[in-house]
Amino acid sequence: MLTGKQKRFLRALGTELDPIVQIGKGGVNANVITQIDEALEARELIKVRVLTNSEDGPKEIAPQIAEQVQSQLVQIVGRNFLLYRKSTKKDIIELPK
């Protein structure tokens, strides 16, 4: 579980990120989950965008995806959300204590 200080730190890093996964009309499928899982392993912190043609909004989709890829939901802003998961191979982001 992330502390408030760690979430603030990750939110600050997330402001400069571009969404690398977009969820549209197809919704959340196995391909999207695989993409997010691989991106989290490579980067630890990613931004995902839910397009307006998606049936569900980010508030419904984000917690569902976070649970499926065993990650932390850092924040939801508009149609974007940030996910964080520590990489198993290398330390990319040094979290404050």
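The values are calculated or read from the model by the stated rules, or taken from the named source; none is laboratory data. Model, not experiment: these values are computed from the prediction. Reconstructed Cβ throughout: ideal geometry from the backbone, glycine too, with neighbour counts over all protein chains shown.
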Review point. Just a yes or no: is a residue in the range 14-36 closer than 14 Å to ARG85 by Cβ, buried (at least 18 other Cβ atoms within 10 Å of the Cβ) and touching an Asp or Glu at 6+ places or on another chain (Cβ under 9 Å)?
Key: no
Study note, to complete from the structure: So, first residue under 16 Å from ILE92 (Cα atoms) and outside any helix (DSSP H, G or I) in the range 6-17, second residue modelled with pLDDT under 95 and not aliphatic (A, V, I, L, M), Cβ within less than 6 Å, six or more apart or across chains; the pairs are none
Check your understanding: In the range 45-62, what residues are part of a loop (DSSP other than H, G, I, E, B) and either touching a Leu at 6+ places or on another chain (Cβ under 9 Å) or under 14 Å from PHE81 (Cβ atoms) (or both)?
Key -> LEU51, SER54, ASP56, GLY57
**Study point:** Failed item, numbered, when LEU2 is tested on (1) at pLDDT below 95; (2) hydrophobic (A, V, I, L, M, F, W, C); (3) under 12 Å from the mean Cα position of the chain (by Cα)
**Key:** (3)
Revision key, fill the gap. The residue from ILE76, ILE65, ILE93, ILE36 that alone is part of a loop (DSSP other than H, G, I, E, B), closer than 22 Å to MET1 by Cβ and of a type in the set (A, V, I, L, M, F, W, C) is ILE93
**Study point:** Breaking point among (1) surrounded by fewer than 18 Cβ atoms within 10 Å (Cβ to Cβ); (2) in contact with a strand residue (DSSP E or B) (Cβ under 6 Å, 6 or more places away or on another chain), for THR52
**Key:** (2)
Check your understanding: Assuming VAL69 fulfils every condition listed in (1) surrounded by 16 or more Cβ atoms within 10 Å (Cβ to Cβ); (2) modelled with pLDDT of 95 or more; (3) in contact with a Gly (Cβ under 8 Å, 6 or more places away or on another chain) apart from one, which condition is it?
Key -> (3)
Exercise for review: Return yes or no: is ASP37 closer than 16 Å to ILE20 by Cα and touching a residue at least 12 places away in the same chain (Cβ under 8 Å)?
Suggested key: yes
